[in-house]
Every structure is written in C-alpha cells, then in structure tokens.
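Engineer: Quick one: the structure is below, and I'll ask about it shortly.
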Amino acid sequence: MESGRIAPPRYCYQPWSNLFVRPYGKVQPCCQNTTELGNLHRQALEEIWNAPPLQNIRALIAAGRYDEAGCQTSCPLRLAVDQCPELISPDWLQRQGEGSDGEKARRNWEGFLDGWRRGAAVIESRPLCVDIQPSLLCNQHCFMCRQNHGDPAVLPVSLIRGMLPFLDHAPTLRLQGGEVFFLEGFAALALEIKAGLAPFQHLAIVTNGSLLTPELADGLIHGPGEVRFIVSMDGVTEATFRKVRRSGHFQRVMAVLRHLAAAQRRMNRPELVQWNYVLMRSTLGELEAAVTLAGELGVLFNLIFLQGDFPEEDLLNPAGRLSWEEAAMIRRVIDGAAGRSGFSTLPLEILLRQAGEVRYGHSN
Ligand code: SF4
C-alpha cells in the first residue's frame with residue numbers, strides 16, 4: 001500500500017481526517033482542540049467540513065502554528081510532532097488505509113493523503129474518523145475528568161442519523177461520553193448505527209466498562225456491522241482504580257475486559273477490544289503489570305496522557321519528574337514491547353524525552 005512508503009508530513013493529520021461532535025451539536029477538530037467549527041443545530045456536517053473555520057485551522061497547523069490553531073500544548077500528537085518527529089511511524093496511516101476496501105473508500109483515503117501532504121485548506125475527501133459524544137452523563141467520578149457529568153444535554157438522535165450519510169466513507173465512527181451506557185437507549189442507537197455500516201467501517205464504543213455486561217457486549221458484537229470496544233481502565237489493582245475513578249467497579253470492569261478478550265480470541269477479531277490507560281503519577285507504578293496483562297489477554301493497549309492542571313500527577317510537568325527507577329522501568333517496557341503489535345510506545349518515548357533521559361544514563 002502506498003501509505004506504507006511515504007514519510008508523513010511533520011504536522012498533525014487530524015484536521016484532514018477527523019471531527020468531534022459534542023452533545024450541544026458543536027463540531028470541533030478533535031478532542032484536544034475545542035475551536036467551534038460549526039453546530040449541527042444550524043449546519044449540516046458536510047457544510048462544516050470545508051467551511052472557513054476548519055480551513056483556517058488546516059492552514060495554521062500546516063504552518064506549525066498550533067497555539068493559534070487552538071491546540072492544547074499537552075496534545076500527544078502535537079508533542080510527538082514537536083519532539084519526536086523521527087519516531088512517528090506510518091502505523092496509523094497503514095491501519096487506516098487497511099480499512100479502505102472498495103473503490104469509494106480507497107479514493108477517499110487517497111484524497112485524504114493528498115490533502116494532508118499538500119496542507120490544503122479545502123479538501124475533496126471526507127472524514128476518516130468521527131467522534132460522536134451523545135452526552136456527558138457518567139456513573140464514575142474520575143478525579144482528573146474535566147467533563148460536567150451533571151450537564152443534561154443530549155445530542156438528538158435525529159442529528160446523529162442526519163450525519164451518517166456524509167460519514168459513509170469513514171472507516172471509524174466512535175461513540176463516547178461521559179459513559180455511553182449510562183445514557184438511556186444507547187445500546188439501541190449503537191445497534192442501529194452498526195447495522196448501517198459498510199464492510200470497511202466499524203463502530204468504536206469508548207466505555208468505562210462498568211455498565212457493559214457480558215450479555216450486552218455479546219448483543220453488540222453479533223449481528224450486522226462491526227463493533228469494537230475501547231475500555232478505559234487506569235491501574236491493575238482495586239486500590240488504584242478506586243483512587244483514580246472514585247468508584248468501586250474494578251471487578252466488573254476487569255471481568256468485562258476478560259470477557260471481551262476471550263470473545264476476541266474465539267472470533268479471531270484482533271481489534272475487538274482496546275484497553276485505554278491514562279499515564280500519570282498514580283498509575284505509573286502499575287504500568288509494567290498492565291502492559292504484561294494486556295499482552296496475556298491479547299488486547300490492544302493504548303496509553304493516554306493525563307489532561308488538565310494536575311501538577312502532582314502530570315508526568316510531563318517538571319513536578320512529575322521521573323525517578324531513576326521509573327525511567328529504567330519505562331525503558332524496560334519499551335524494550336519489551338519491541339515487535340509487539342497493538343501497543344504504541346510513542347507516549348513513553350515522549351515521556352523519557354521530556355524528562356531528559358540522558359540524565360538517567362541513556363544516550364540513544
Ligand atoms: S495537534 Fe492535537 S489538538 Fe491540534 S489538531 Fe492535532 S490532535 Fe488536535
């Protein structure tokens with residue numbers, strides 16, 4: 001595939017590939033850049049996709065002007081582009097491109113590559129990945145979460161349905177909250193969206209796992225359309241889980257993660273489940289055990305940096321400086337993951353780079 005041979009441009013790709021839709025209908029470029037591109041209550045998604053606000057962001061990002069574009073300084077992609085451009089592999093491109101079966105999807109994929117490489121403000125391709133956040137309601141209270149879980153806003157199902165025809169080229173549609181399964185009628189909505197997908201598309205559901213019973217998961221896995229689950233779980237012990245999530249659902253989440261991993265193996269669906277793990281001071285000590293467990297379960301493992309102003313927890317903050325032992329552990333995890341699929345060590349490389357790994361005796 002062509003995408004495997006190109007060197008990616010040294011700026012973020014998301015304004016050419018992604019959109020993020022909030023409960024009030026606000027559309028923004030990604031989860032980390034909250035610039036309002038338009039609102040589904042006033043405009044159709046296809047009007048927003050090439051309208052002046054997103055044109056402006058594409059131009060700014062192609063010029064490396066991330067602050068003016070509204071990008072957060074802690075955005076992992078921005079950090080990667082700024083600090084470790086040589087470490088950005090074409091993995092993402094290859095994974096997205098792999099879904100581009102069929103003439104329509106293939107042409108859309110190539111249109112994305114062309115628009116991104118040129119830094120074009122107006123593009124002919126359509127989104128490759130769209131996040132839809134139907135509501136902010138949640139049954140957990142993670143100490144680092146900045147969402148207002150008391151906000152009752154719900155994105156009308158009619159607006160979600162209205163977007164879908166424009167998204168028929170996108171390999172990935174992603175639903176996230178809040179906690180999506182806390183929203184009444186969510187499973188039916190997910191089943192409806194999933195049933196309308198083309199063979200090259202999948203529906204990803206981001207969940208904290210506490211309300212996702214094995215029966216509910218099985219009901220979503222089977223039937224027409226492909227679903228994937230992204231389960232958020234920080235830590236591998238009840239104590240850490242309780243500290244971070246401020247809830248007592250650790251056993252339930254672990255059970256559903258194991259259930260999904262078993263289904264993944266049984267059905268030979270290697271991307272059925274991904275485990276998201278927030279990297280911060282409270283979870284760093286269990287990182288090695290989490291990576292080992294993810295390997296035993298055979299699930300994808302995805303590291304996310306902590307967002308927000310938590311200097312004691314933020315490992316990228318000078319106050320969160322790594323000890324020698326922690327740096328050595330991180331290096332061990334990276335080395336141990338060499339050749340392992342489904343686990344990008346890029347956030348760990350960024351962390352070591354930020355901490356100045358040379359202080360810890362590594363020069364390469
Ligand atoms: S650099 Fe980060 S915040 Fe900016 S558009 Fe890319 S993903 Fe979004």
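The values are calculated or read from the model by the stated rules, or taken from the named source; none is laboratory data. Computed from a prediction, not measured in an experiment: that's the story for all the values here. Note that we place each Cβ from the backbone using ideal geometry, even for glycine, and neighbour counts take in every protein chain shown.
Engineer: Here are some residues: ALA7, ALA44. Which one is more than 21 Å from THR172 (Cβ to Cβ), small (Gly, Ala, Ser) and either away from the ligand (no atom under 11 Å from the Cβ) or modelled with pLDDT of 95 or more (or both)?
Structural biologist: ALA7
Engineer: More than 20 Å from the chain's Cα centre (by Cα), more than 21 Å from LEU306 (Cα to Cα) and of a type in the set (Gly, Ala, Ser): is that true of ALA198 in this structure?
Structural biologist: When the stated conditions are applied, ALA198 passes them.
Engineer: Considering only the range 58-80, state which residues are within 7 Å of the ligand (Cβ to nearest atom) and part of a helix (DSSP H, G or I).
Structural biologist: ILE61, TYR66, ALA69, LEU77, ARG78 - these are the residues of the range 58-80 that are within 7 Å of the ligand (Cβ to nearest atom) and part of a helix (DSSP H, G or I).
Engineer: Sort out for me the helices (runs of 4 or more DSSP H) sitting completely within the range 169-246 that have 3 or more residues that are small (Gly, Ala, Ser) and closer than 22 Å to GLN264 by Cβ.
Structural biologist: Helices (runs of 4 or more DSSP H) meeting the threshold: 186-195.
Engineer: Quick check on ILE123: is it among the hydrophobic types (A, V, I, L, M, F, W, C), modelled with pLDDT of 95 or more, in a helix (DSSP H, G or I) and within 16 Å of the ligand (Cβ to nearest atom)?
Structural biologist: Judged against the criteria, ILE123 is not a match.
Engineer: Right, next: It is to be established whether one or more residues within the range 25-39 are of a type in the set (Ser, Thr, Tyr), within 16 Å of the ligand (Cβ to nearest atom) and at pLDDT below 95.
Structural biologist: Taking every residue of the range 25-39 in turn, none turns out to be of a type in the set (Ser, Thr, Tyr), within 16 Å of the ligand (Cβ to nearest atom) and at pLDDT below 95.
Engineer: Kindly list the number of the only condition in (1) in contact (Cβ under 8 Å) with a residue 12 or more places away in the chain; (2) over 23 Å from the mean Cα position of the chain (by Cα) that fails for TRP275.
Structural biologist: So TRP275 meets the others, but not (2).
Engineer: Kindly list, by first and then second residue, each pair from a residue in the range 66-82 that is at pLDDT below 90 and among the hydroxyl-bearing types (Ser, Thr, Tyr) to a residue that is part of a helix (DSSP H, G or I) and more than 9 Å from the ligand (Cβ to nearest atom), limited to pairs with Cβ atoms under 8 Å and residues at least 6 apart or on different chains.
Structural biologist: Filtered contacts from the range 66-82: THR73/ASP67.
Engineer: So LEU136 ticks every box in (1) more than 21 Å from LEU272 (Cα to Cα); (2) surrounded by fewer than 22 Cβ atoms within 10 Å (Cβ to Cβ); (3) aliphatic (A, V, I, L, M) but one. Which box is left unticked?
Structural biologist: (2)
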